[in-house]
Structures are given as C-alpha cells and as structure tokens.
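K.L.:
Got a structure for you, questions after.
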C-alpha cells in the first residue's frame, strides 16, 4: 500500500543526480563503471547541498539513500547529506555491451538507436528497471521524505514511476549533472514540483 500523501507542495521525493565525471562530460554511458567526480563535479555537489535545505521539510522525517557508485556517494557527502543506506536499487541503468560508449558511437552500428526504445544487449530491461524503481519508492514511509542520490537515466525512470508512468516516460525528463528535483503531491495525486534545478544558475 502506498504511504499516505504529504500535504500539497511538500517534497516527498527529492532526487539529486551526481556531479560531473569524465564520462558524463564526454557523453559515455556510465552504468556500473565506477568513475570518480571531476573537480568541477565536486564543486557542483557542494552547490547542490546549498539548495537542498529549501526543498526538504525542516522538521520532517528524512531517509537518505544513494547508489553505491562512488560518484553518487561522494556527491551526497559533499552536499552534506551522507547516505543512510547504499543500495543497488538506486544504481544507474546497466548498459551491458553499450557501457562506455556514446550514443553517436552506438548509432554507427544501430541507426536511430535510443536508450528509451532500443535494445540494450546484455543490459537491463524496462521490467527490471521498473522493479528497482518501485522497490526504492517503497522504502519511503508515510509522512517521510526520500532523498535519493543517483544517476541520469535511472533518476528519470524513478520520477516516471513516481508519476505512475512506464519507465520510458523518462525520455521527456532531461536531467543534467548535479541538478536537484523534487516530487510530491497535488490534491493527493503524485506530481513533479520542481525539475532539473541547476544550483549554479540559481546561486547566480
């Protein structure tokens, strides 16, 4: 059974994508490979931390969960919210044979390929991603805010499942490195409250 909704406009789910890595900067699909943050990525993580207090309930219950990959854990630490729990359920999409390759490189052999609609040989299926996202959302107790430090594609899948949509709805939800997003309720219905907030731009 889904937890009781929080009041309208209160963050029930806050998602932070990890800061920049060398692979994210070059557009390489980075699933299970443990690529560290760049210096710029570490700065981004700190900036995200300055934005988070405005999105998290000041006196509410908070569960902080992170992918086990070091780029996500380090982002959480630098943001000032060391994770309560590390779980593979918050890990990035397993890209299988496409790990470490850019979309342009993949399309040399598979024209018009997209992660959202194309095959991922040796990687995860939509059903497997759905199961992971749903398990992660189920960790949230009634009245609690779930803060998740994760990755680009999986975070978009997670938001899609919050909205009750299939994971490929994530194709409509662009998400940049070290951005912060919050989701909650309006009249009892799950909604996006804020999406892809860039702390560096807001600070300026």
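K.L.:
Can you tell me the 0 to 90 degree angle between the C-alpha axis of helix 126-138 and the longest principal axis of the chain, rounded to 10?
P.N.:
20 degrees
K.L.:
Also, I was wondering about something else. So what is the calculated 222 nm ellipticity per residue for the chain, using -39500 (n - 2.57) for each DSSP H run with n of 4 or more, over all residues, to the nearest 500 deg cm²/dmol?
P.N.:
Values: 7 runs with 62 residues, N = 204.
Computed mean residue ellipticity for the chain: -8500 deg cm²/dmol.
K.L.:
With each pseudo-label sitting 7 Å past Cα toward Cβ, what's the residue 112-residue 172 distance in nm, one decimal?
P.N.:
2.2 nm
K.L.:
Quick check on the exposure proxy: order 176, 4 from fewest to most C-beta atoms within 10 angstrom.
P.N.:
Working: 176 13, 4 10.
Result, fewest neighbours first: 4, 176.
K.L.:
Once label points are set 7 Å from the Cα along Cα→Cβ at both residue 102 and residue 163, what is their separation, rounded to one decimal in nm?
P.N.:
Each label point lies 7 Å from its Cα, and together they span 2.8 nm.
K.L.:
Another question about this same structure. What angle do you read, to the nearest 10 degrees and between 0 and 90, between the alpha-carbon axis of helix 152-162 and the longest principal axis of the chain?
P.N.:
Around 50 degrees separate the two axes.
K.L.:
Another question about this same structure. Calculate how steeply helix 70-79 sits against the longest principal axis of the alpha-carbon atoms of the chain, using the helix alpha-carbon long axis, and give the answer as 0 to 90 degrees to the nearest 10.
P.N.:
30 degrees
K.L.:
What do you get for Rg/Rh of the chain when both radii come from the Cα atoms and Rh is the Kirkwood radius?
P.N.:
Numbers: Rg = 16.2 Å, Rh = 16.9 Å.
Ratio of gyration radius to Kirkwood radius for the chain: 0.95.
K.L.:
Here's a follow-up. Could you list the residues of the range 112-151 with an amide nitrogen less than 14 Å from a label point located 7 Å from the Cα of residue 62 in the Cα-to-C-beta direction?
P.N.:
Within reach of a label on residue 62: 144-149.
K.L.:
Let me ask something additional. Given the range 1-82, report the % of alpha carbon pairs whose separation exceeds 14 Å. Spell out each step's value before the answer.
P.N.:
On the way: 2162 of 3321 pairs.
Summing the P(r) tail past 14 Å for the range 1-82 gives 65 percent.
K.L.:
Give me log10 I(q)/I(0) at q = 0.15, 0.21 Å⁻¹ for the range 76-179, Debye formula, one equal scatterer per alpha-carbon, no solvent.
P.N.:
These q points yield log10 I(q)/I(0) values of -0.67, -1.20.
K.L.:
Here's another thing I want to ask about it. What ranking do 112, 59, 119 get, fewest neighbouring Cβ atoms within 10 angstrom at the top?
P.N.:
Neighbour counts put them in this order, fewest first: 59, 112, 119.
K.L.:
Restricting to the chain, what percent of DSSP beta bridges are antiparallel, rounded to 5? Don't skip to the answer; put the middle values down first.
P.N.:
Working: 11 of 24 bridges.
DSSP beta bridges in the chain are roughly 45 percent antiparallel.
Just so you know, all these numbers are worked out from the coordinates, no wet-lab data involved. What you are looking at is a predicted structure, and each value in this text was computed from that prediction instead of being measured. When we count neighbours, we look across all protein chains shown, and the Cβ atoms used for this are built from the backbone with ideal geometry, even at glycine.
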